[in-house]
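Structure first, then comments.
What follows draws every value from the coordinates through simple rules; no lab data is involved. Everything numeric in this text was worked out from a predicted model, so none of it was measured. Don't worry about glycine lacking a Cβ; one is built from the backbone with ideal geometry, like all the others, and counts go over all protein chains shown.
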Amino acid sequence: MYAGAAAAATAGPPRRDFISVSLGPEEAVGAGGYNNSKAWRRRSCWRKWKQLSRLQRSVILFLFAFLAVCGVISYTSMGEAWKSLTNKSLDDQRTKQEIPGVKLANPAVLPAPQKADANRGDYPELSLQKQPNPPHVRRGPSNLQIKAPWRDTRLKTRHSTIRAVEELVQTDKGEKTEKSIISWRGAVIEPDQNTEPPSSKIKEPDKPSSVEAEDQKEPVPINERQLAVIEAFRHAWRGYKDFAWGHDELKPLSKSYSEWFGLGLTLIDALDTMWILGLKEEFEEARKWVANELVFDKNVDVNLFESTIRILGGLLSTYHLSGDSLFLEKAKDIGNRLMPAFKTPSKIPYSDVNIGRGTAHPPRWTSDSTVAEVTSIQLEFRELSRLTGDEKFQKAVDEVMKHVHTLSGKNDGLVPMFINTNSGQFTHLGVYTLGARADSYYEYLLKQWIQGGKKENELLEDYMRAIEGVKKHLLQRSAPRKLTFVGELAHGHFSAKMDHLVCFLPGTLALGAHNGLDANHMKLAEALIETCYQMYAQVETGLSPEIVHFNLHAQKGHKDVEIKPADRHNLLRPETVESLFYMYRFTGDKKYQDWGWEILQNFNKYTRVPTGGYTSINNVQNPSNPEPRDKMESFFLGETLKYMFLLFSDDIDLINLDKFIFNTEAHPLPIWVPA
Ligand code: DMJ
């Protein structure tokens, strides 16, 4: 018994300033004494309550309610503070620890990228609607309401997951673990989850009824194959950083660099890949270079097409993903500097522009431009107009498309490879290919139509007609495996030659079918991607050459694919991996991931340079000496590794194809009226 209570029970009137604890009915005091029974207390409280006026009762009730609300709020914010404290210390520990086996090029923790027009935290919630307009930039149309593919929490989860899987891979080298790994934020990673045999279509969740609904989706954890892509990217980036920082291309063997335009091409091409892969430190460091070192006011000739798809496209997509207006400012600058290219008698642009002097010219030996080049800059210039409100960019490139639409010299929608900047007419008539010099004309017909909300009928007409032209004139089957391939036509003669570049086509056909075009396009895509895969699988190194010739008749001891000595090189090109990505997204058939995985392993086997970087090779037929060429093209980081990473992902919202359209350099730009 509590001593004070015992004293009260025996010593007269109760004192009200202490707590009494009664242990049993027998201890209750008789009538007239202090009655502390529960029933009595309840009755007495109730009586007191009844005696209060209505106003007093209301005031008391209000106070109770107020205290309850305050209690809930302070409990929640304490919880958050506690959580962020815990996370911060985990983050701190992590940044201090080096990832086992993965040596970062620069393990320093860099400051968060600063927006040119506002302070912002790391990778904030991104919404085009919410972004403040940078100075002098007009708002885009209100129908564009696109969110970045993930939110802050999503990216953070990804970083922690990357580390968890890295630890798994490093500790387990070679042998498979039975265990699931749980990251510190609770994302479960099944070590074997992506090595299963082909199964069904990716389960597409129901369309979110609103953007908010989409935001609530759980991020899909990174898997081992994606981690291998991240590792490959970091290895390539290390070479670039150590030996070619700020220059156009890495020469990984001679540990030096080459310049093409002198504009840090690899760095700009790789920006959005770093964002998508979640490589925050690398991104921030590159962003710093763009802010402090990237200057376009240079007396240098650049190729209009290449600088549009790589630089303008790269800056625009990075702007959309990061919300950082620095990239839009740079995009405007280069866009304006490229405009002199359109000052030609026909308005068909010249191939080259001096971005410092504001002059443009065709190549020295001709006044022709390449058809693919003048018709594959539209996605970027149109988007620049939408973002800036300055219609001159879109007007210039739309005029080119309208003009090409009306031209004669096509063969059932197939276009020649050259167009004259004076007359505006096709030249070198009679040669038709889906490879070099014509390829992305076809790709951009479809993609512009999608970008603009599927309203520009001339683009669709030209695309549909061209695919019919391909079927009629260029499709053939090889022997012995009856692989469907796209050959070339020269003055009525069919050639069984196919560039690796043509392997963009299965992906484009699949994208068209996904957007409601002829379902047979998907069938054709399936046949063609098999062929593109065989262009790797039938070769000694498992890597495709630049060009193959298909056998049309079975010959003993011959495969479908023949390679000429001059065509044996591999430049680390993306087209097959690009199409594998589309095919996997739209079918969910895991064989496409497995094929991509084989290709990545072969890149690692034959093109990886131990001191950092990857190199093009001269001979895909000689595994013991593939003859490294000492050059890492910027599209290896801009395209090949990005498409690999996306191919291995099961997250359809990681660059949702109903919201983004990839330019021909794999830079995602928003669809103006998303599906
Ligand atoms: C890239 O620059 C682009 O994909 C372009 O469309 C074709 N050539 C390279 C990659 O192969």
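Values for this structure:
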| quantity | calculated |
| --- | --- |
| Unmet requirement for Phe645, which otherwise passes all of (1) in a loop (DSSP other than H, G, I, E, B); (2) more than 16 Å from the ligand (Cβ to nearest atom) | (1) |
| Candidates Lys523, Lys454 - the one that is within 25 Å of the chain's Cα centre (by Cα) and away from the ligand (no atom under 16 Å from the Cβ) | Lys454 |
| Search result, residues across the range 489-500 that are out of contact with any His (no Cβ under 9 Å at 6 or more places or on another chain) and either under 22 Å from Pro565 (Cβ atoms) or within 16 Å of the ligand (Cβ to nearest atom) (or both) | Ala490, Asp499, His500 |
| Residue count for the range 522-563, restricted to those that are more than 16 Å from Phe485 (Cβ to Cβ) and surrounded by fewer than 21 Cβ atoms within 10 Å (Cβ to Cβ) | 6 |
| Unmet requirement for Lys482, which otherwise passes all of (1) more than 26 Å from Leu580 (Cα to Cα); (2) more than 16 Å from the ligand (Cβ to nearest atom) | (1) |
| Count - residues of the range 571-602 that are under 20 Å from Pro623 (Cβ atoms), of a type in the set (A, V, I, L, M, F, W, C) and in a helix (DSSP H, G or I) | 4 |
| Subset of the range 603-632 that is surrounded by 21 or more Cβ atoms within 10 Å (Cβ to Cβ) and under 11 Å from Ala236 (Cβ atoms) - its residue that is farthest from the ligand (Cβ to nearest atom) | Gly612 |
| Sole exception among (1) closer than 18 Å to Ser440 by Cβ; (2) more than 16 Å from the ligand (Cβ to nearest atom); (3) without any contact (Cβ under 8 Å) to a residue 60 or more places away in the chain for Ser307, by number | (2) |
| Subset of the range 353-367 that is surrounded by fewer than 22 Cβ atoms within 10 Å (Cβ to Cβ) and within 23 Å of Asp439 (Cβ to Cβ) - its residue that is nearest to the ligand (Cβ to nearest atom) | Pro363 |
